[in-house]
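Everything below concerns the one structure shown next.
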Amino acid sequence: MSSKRFCTRIAPASLCFLLIANSLRAELPQPGDIVLGMNRSDAAETLELLRGPATTNGAVMLASPWSTTSFLQSVEFDNLDGVRHNQDGNLLALDFGGSFSMGTGLIYSLGTNGSEPLPAAQLIGNTRADTPIGHSGGVTLSRLTSISASPDNTKISVVGVDTGSIIVYDYTAGDGMGSGASLSGGRESAALTVTSGGTSAATWIDNDTIIAFGNDGNLMEVEPTTMIATDVGGVFTPFVGSNFSALAYNPEVSPFLYASYSGFTTGMTTNKLYVFDPAANYNLVREIDLSTSLQTAREIALDADGNLFMGAFGGAIEFLPAANILNPTSLTDNSTVDWYDSANNSSFTGLDIGFGELIVDFADGDFDEDGDVDVDDLDDWKTGFGKLAGAVHGDGDADADGDVDGADFLTWQRELGAPPPPPVAAIPEPATASLLLLASTLIHAVRRQTCH
């Protein structure tokens, strides 16, 4: 019997939702759904809810449950219950702050559960000094980008566009569904921690470390209490024209940090993807060029299968397949796959992917449940050896019979060095399964008609 841990999994969907989505009531986000922040003046067009498999043109836009707040751009689900990007937590969103220098960035919390349409976004933070929200003078007036929640869901970080500082607020999630959320204790790193003017990015490596990626390619670690920034390397980006950078990191999916850079000047788009290894001093693992396969890149996010989704100028989304993302050395230039192209248009967009339930099926001999069977697992078996009752997998009980004995050792020995089993796919909810069946029928009918 294998040990199973609940984590994250995309719920599959079908292209054929497009044929029936407009007849459905507003949808609530599910595991694997993408929220696209479109920064539109029309509140009903600002947040799009997308669903579909990681296949060419696999996305369908569903009826959005959020329709009352305009100009929302950078978005991220918070980490309710310790699940990064939990679609059942609050959806955090930024109003960038307008098109003028030194505009006011606004931070919102939105619900993800309840009666649709969901209530208006709750304003929980800003960078103003005259009417501060979430701080008491510790934040300099600036536009904002790149919102991210700490793994333990107690803090959020954003990037000051005009100051180049990393800003941290202490975060209370409230009921985890948009209501009662609040920010306090706003504080910032020194000006020009990252480049100002263009858009730079930051995300959390762990609860005590923020990593920031300037659009000039510099990597900085920031300690979220003292706000001390430390240079940890990076790359030299092309840094041409209007510059934008983004980060994606989720160690439950991949050990690597993915950083994108885009630069746009008249008649020329430059896109780069850099893959860093946080466990090896942020060494550069891979660099690829995506300048011809991808429109000017915007925010990026990993799904539960390791596909890297990348927003683009105008409201398009493309992805790099998981087989390459989890093996970065095999990434190739200009290999993104078209996934979605919004009927609306926005120069600057943001996106995030909801995570729900994944059953990770660990090998029987993987007692420390780190994804491999090695000598560390033997140490766990030695510690638990002789336990006659009440033993669990972590004690060295490979066959789930409640004790730790020689049979468990033989299982470990047999599996030593074997590759880990793949994740177990989640089963679609009955309503989703019915829609998929209907969609399959519709596609079959359409194909029959077009063949005549």
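The values are calculated or read from the model by the stated rules, or taken from the named source; none is laboratory data. None of these values were measured; they are calculated from a predicted model. Note: ideal-geometry Cβ built from the backbone for every residue, glycine included; neighbour counts use all protein chains shown. Just the protein is used for accessible areas: all its heavy atoms, side chains included, with ligands, DNA and RNA removed. Shrake-Rupley method; radii C 1.70, N 1.55, O 1.52, S 1.80 Å.
Between the DSSP loop rule and a limit of at most 16 other Cβ atoms within 10 Å, which chymotrypsin sites (Phe, Trp or Tyr not before Pro) in the range 61-130 are left? Please list the in-between numbers first.
Numbers: sites: TRP66, PHE71, PHE77, PHE96, PHE100, TYR108; in loops: TRP66, PHE71, PHE96, PHE100.
Answer by residue number: PHE100.
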Open item on the list: Relative contact order for the range 90-164: what percent, with Cα pairs under 8 Å and sequence separation of 6 or more?
Closed with: 26 percent
- [ ] Based on the mean of other Cβ atoms within 10 Å per residue, sort peptides 89-95, 208-214, 279-285 so the most packed one is first.
- [x] 89-95, 208-214, 279-285
Task: Carbon + sulfur, % of accessible area of the range 226-370 - ligands and nucleic acids excluded, 1.4 Å - done: 50 percent
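Chymotrypsin sites (Phe, Trp or Tyr not before Pro) within the range 231-271: which are DSSP loop residues with at most 16 other Cβ atoms inside 10 Å?
On the way: sites: PHE236, PHE239, PHE244, TYR249, PHE256, TYR258, TYR261, PHE264; in loops: PHE236, PHE239, TYR249, PHE256.
Those that pass, being in a loop and sparsely packed, are PHE236, PHE239.
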TODO: Let me see the pair-distance distribution of the range 164-244: every alpha carbon pair, 5 Å bin width, integer percents in order.
DONE: 3, 15, 22, 21, 15, 11, 8, 4, 1
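At 1.4 Å probe radius, can you tell me the per residue accessible area of the range 272-316 in Å²? Can you show the working numbers first?
Values: 1360 Å² over 45 residues.
Accessible area per residue, the range 272-316: 30 Å².
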Task: Simple label model, 7 Å out from Cα along Cβ direction - ASP175 to VAL232, nm - done: 3.8 nm
TODO: In nm, give the distance between the simple-model label positions of ALA191 and ASP42, each being 7 Å from the Cα along the Cα-to-Cβ direction.
DONE: 4.0 nm
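Using a 1.4 angstrom probe, figure out how much accessible area the range 49-174 has per residue, in square angstrom, rounded to the nearest whole. Don't jump to the answer; show the numbers that get you there.
Values: 3950 Å² over 126 residues.
In whole numbers, the range 49-174 has 31 Å² accessible per residue.
Could the peptides 178-185, 49-56 be put in order, highest first, of the mean number of other beta-carbon atoms found within 10 Å of their residues?
On the way: 178-185: 18.0, 49-56: 19.6.
Highest mean packing first, the order is 49-56, 178-185.
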TODO: Using all C-alpha to C-alpha distances in the range 245-394, build P(r) with 10 Å bins and read off the rounded percent in each one.
DONE: 10, 33, 26, 15, 9, 5, 1, 0
Open item on the list: If I ignore ligands, DNA and RNA and count only protein heavy atoms, how much of HIS85 is accessible to a 1.4 Å probe, in Å² to the nearest 10?
Closed with: 30 Å²
Task: Inter-centroid distance (Cα atoms) of the range 230-245 relative to the range 397-416, Å - done: 50 Å
TODO: Find how much the distance from PHE239 to ASP376 grows on full extension, using 0.36 nm per residue of separation minus their present alpha carbon separation; answer in nm with one decimal.
DONE: 44.8 nm
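State the Kirkwood hydrodynamic radius of the range 234-307 in Å, one decimal place, computed from all pairs of distinct Cα atoms.
Values: mean 1/r = 0.0777 Å⁻¹.
Result for the range 234-307, one decimal place: 12.9 Å.
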Task: Segment GLN413-ALA280, extension gain: residue separation times 0.36 nm, minus the distance between their alpha carbons - done: 44.9 nm
TODO: Determine, for each peptide in 326-333, 150-157, 295-302, the mean count of other beta carbons within 10 angstrom over its residues, then list the peptides with the highest first.
DONE: 295-302, 150-157, 326-333
TODO: Give me the Kirkwood hydrodynamic radius of the range 296-354, using the inverse of the mean 1/r over all pairs of distinct Cα atoms, in Å to one decimal.
DONE: 11.8 Å
